[in-house]
Amino acid sequence: MGEVRRQPIDVICQHNKDGEIIPMRFRLCDDDGEPHAFTIKSYKDLSHKGAYVTPDGMYVTNNILVYECRIEVFGVGRFVRLYYNQTNNIWEIGGMK
C-alpha cells in the first residue's frame, strides 16, 4: 500500500463516558475497490485547540479530532493519521508512512 490521501473510511471506535473517542479498527478500499481492514495497535491523540494544517494538507479546526495510529501491514508496522469531523460525523485517513 502506497501513500493514501484523505480518503473517507469506515471506523469502529469506542466512546467513553467522559466523551473520549478511541479508534479501534478501520476499513478502506484500495485503488481496485478491494476493501482492507486494519486493527489499530496503538494511537496518539494529536487534537488540540486552534486551527492548523497537518502534513497531509488537512486544515484542522476545533471540531476535527486527529489521531496518529500504528497498524501492521503484512507484518510491518506503519503509522497513519485518522481524522474525525465531529460536525458531520465523517472519518478520513490521511498519510501512511
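Bear in mind that the values in this text are calculations on the coordinates, not laboratory data. Here the structure is a predicted model, which means the values were calculated and not measured. Methodologically, a virtual Cβ is constructed for each residue, glycine included, from the backbone with ideal geometry; neighbour enumeration extends over all protein chains shown.
Observations on the structure shown:
- Cβ-based exposure ranking for THR54, THR87, THR61, in which fewest neighbours within 10 Å come first: THR87, THR61, THR54
- The stretch 9-74: chymotrypsin sites (Phe, Trp or Tyr not before Pro) in DSSP coil with no more than 12 other Cβ atoms inside 10 Å: PHE74
- Full extension of the chain segment joining VAL53 with GLN14 gains 11.4 nm, where the gain is 0.36 nm per residue of separation less the Cα-Cα distance.
- Reachable aspartates and glutamates, given that their alpha-carbon falls under 17 Å from the alpha-carbon of LYS49 and they are not under 8 places away in the same chain: GLU20, GLU68
- Once the C-beta distance of ASP30 and ASN89 is scaled by a Förster radius of 30 Å, the resulting FRET efficiency is 0.80 to the nearest 0.05.
- Principal axis box of the chain, alpha-carbon based, largest edge first, Å: 35, 30, 23
- Here the residues VAL66, VAL76, ranked from fewest to most Cβ neighbours within 10 Å of their Cβ, fall in the order VAL76, VAL66.
- Kirkwood Rh and Cα Rg combined as Rg/Rh, the stretch 23-62: 1.09
- The charge dipole of the chain, taken about its Cα centre with unit charges on the Cβ atoms of Lys, Arg (+1), Asp and Glu (-1) only, comes to about 340 debye.
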